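Visitor: One structure, as structure tokens, below. Some questions next.
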Amino acid sequence: MGLAPRLPTQAWRTSVPLYEPNSGQQAGYASSGCWSPLLKRYIALAHLESRYADVGNELGMEVTVEHRRKRAKATVAKLPFFNPERKRA
């Protein structure tokens, strides 16, 4: 129909591989994730090999859209993902 896929309403808790984009080697795996309505993007928690764990490092993450596997760009970020000024007192 040409419509965009629906955003998931629940968190996922399955192991999803993460790859180094140049070599295609597996860099680790994401153990859980969800859509963040506040950040307007997907967020995930991942286990990475130390050489890929630098903040800002870009990796490829395997995603399944409409029953087809694709690779999406993932960026290593520091926790917390969002820390608003009003919550830091």
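Visitor: May I ask you to verify whether Glu66 is farther than 19 Å from Pro21 by Cβ and touching a residue at least 40 places away in the same chain (Cβ under 8 Å)?
Guide: Criteria met by Glu66.
Visitor: If we scan region 60-74, do we find a residue that is touching a helix residue (DSSP H, G or I) at 6+ places or on another chain (Cβ under 7 Å) and modelled with pLDDT of 90 or more?
Guide: Scanning region 60-74, I find no residue that is touching a helix residue (DSSP H, G or I) at 6+ places or on another chain (Cβ under 7 Å) and modelled with pLDDT of 90 or more, so the answer is no.
Visitor: May I ask you to verify whether Val65 is among the β-branched types (Val, Ile, Thr) and surrounded by 15 or more Cβ atoms within 10 Å (Cβ to Cβ)?
Guide: In short, no.
Visitor: Do any residues in region 27-44 that are at pLDDT below 95 and among the aromatic types (Phe, Trp, Tyr) have Cβ atoms under 6 Å from those of residues that are surrounded by fewer than 17 Cβ atoms within 10 Å (Cβ to Cβ) and part of a strand (DSSP E or B), where the two are at least six apart or on different chains, and which pairs are they?
Guide: Tyr42/Trp35
Visitor: If you don't mind, there's one more thing I want to ask. Does region 23-59 hold any residues that are closer than 18 Å to Arg13 by Cα and surrounded by 15 or more Cβ atoms within 10 Å (Cβ to Cβ), and which are they?
Guide: Correct list: Gly28, Tyr29, Ala30, Gly33, Cys34, Trp35, Tyr42, Ile43, Ala44, Ala46, Leu48.
Visitor: I've got another one for you. Please state which of the following conditions Leu79 fails to meet, knowing it meets all the rest: (1) loosely packed, with under 10 Cβ neighbours inside 10 Å; (2) more than 14 Å from the chain's Cα centre (by Cα).
Guide: Result: Leu79 passes all but (2).
Visitor: Among the residues of region 5-35, count how many are closer than 14 Å to Ala74 by Cβ and among the small types (Gly, Ala, Ser).
Guide: Final tally of qualifying residues: 6.
Visitor: Anything in region 41-85 that is assigned to a helix (DSSP H, G or I) and of a type in the set (Lys, Arg)? List them, or say none.
Guide: Of everything in region 41-85, just one residue is assigned to a helix (DSSP H, G or I) and of a type in the set (Lys, Arg), namely Arg51.
The values are calculated or read from the model by the stated rules, or taken from the named source; none is laboratory data. These numbers come from a predicted model, not from an experiment. Cβ atoms come from the backbone with ideal geometry, glycine included; neighbour counts cover every protein chain shown.
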